[in-house]
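Let me begin by presenting the structure, written as structure tokens, before commenting on it.
The values are calculated or read from the model by the stated rules, or taken from the named source; none is laboratory data. The model shown is predicted, which means the values in this text are computed figures rather than measured ones. No Cβ is skipped: glycine too gets one built from the backbone with ideal geometry, and neighbour counts run over all protein chains shown. When the accessible area is computed, the model is the full protein with side chains, heavy atoms only, and any ligands, DNA or RNA have been set aside. Shrake-Rupley method; radii C 1.70, N 1.55, O 1.52, S 1.80 Å.
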Amino acid sequence: PYPYPPPAVAVHAAGAVFPYRTAVALWLALTGAAAVVCYGAAARALGLDRRPGLLVLLPLAHVVGAYSFQWDMRSVNCNLLVLAAVVLGSRALVDQRDRAAGLWFALAVALKVLPVLVLPYLAWTRRWRAAAWAAVGSLVLWVAVPAVAFTPEGAPE
């Protein structure tokens, strides 16, 4: 009864092959990098990068969301990774980099199912190439990755 989709289970299983301290350090680094991506995107979206004095708002924003960060790190949750994938996919979509957008969205859906709502949006806005890349990425992440990562019985090797 593991509450994550198969590709996320494969990622979690891959992290479990390391000694505990190494796995924790890797997870903290990955979560920290996801946070930096999200804060960087927020700074660009709000124009804070053009007015460096306003960058002081980012640590204040962190105070408001600190509990979410602590929860992700304490419970080995991947919400920040999903958010970073959606943010990077959205940025790629704005920059008309359909392949990157689709692959980032596919990764977000592979980690948690909720971002699947992005896929109908791609079709609704007629972003067919991004939708096709998201489908290809999803196929790889939902079929190939679990097939390689798990035995037929479903347990990690």
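The residues of the chain expose, per residue, 63 Å² of accessible area to a 1.4 Å probe. With all protein chains in place and a 1.4 Å probe, the accessible surface of the chain carries 71 percent carbon and sulfur.
The residue list Trp124, Gly32, Ala14 was ranked by how far each Cα lies along the charge dipole of the range 1-131 toward its positive end, using unit charges on Cβ atoms, and Trp124 comes out on top.
Multiplying the residue separation of Ala66 and Trp142 by 0.36 nm and subtracting their alpha-carbon distance yields 24.2 nm.
Compare the peptides 79-90, 63-74, 111-122 by average per-residue count of other Cβ atoms within 10 angstrom and give them in order, highest first.
On the way: 79-90: 21.3, 63-74: 12.2, 111-122: 16.4.
So the order, starting with the most tightly packed, is 79-90, 111-122, 63-74.
At 222 nm, what value in deg cm²/dmol follows for the chain if DSSP H runs of at least 4 each add -39500 (n - 2.57) and the sum is divided by all its residues, to the nearest 500?
-22500 deg cm²/dmol
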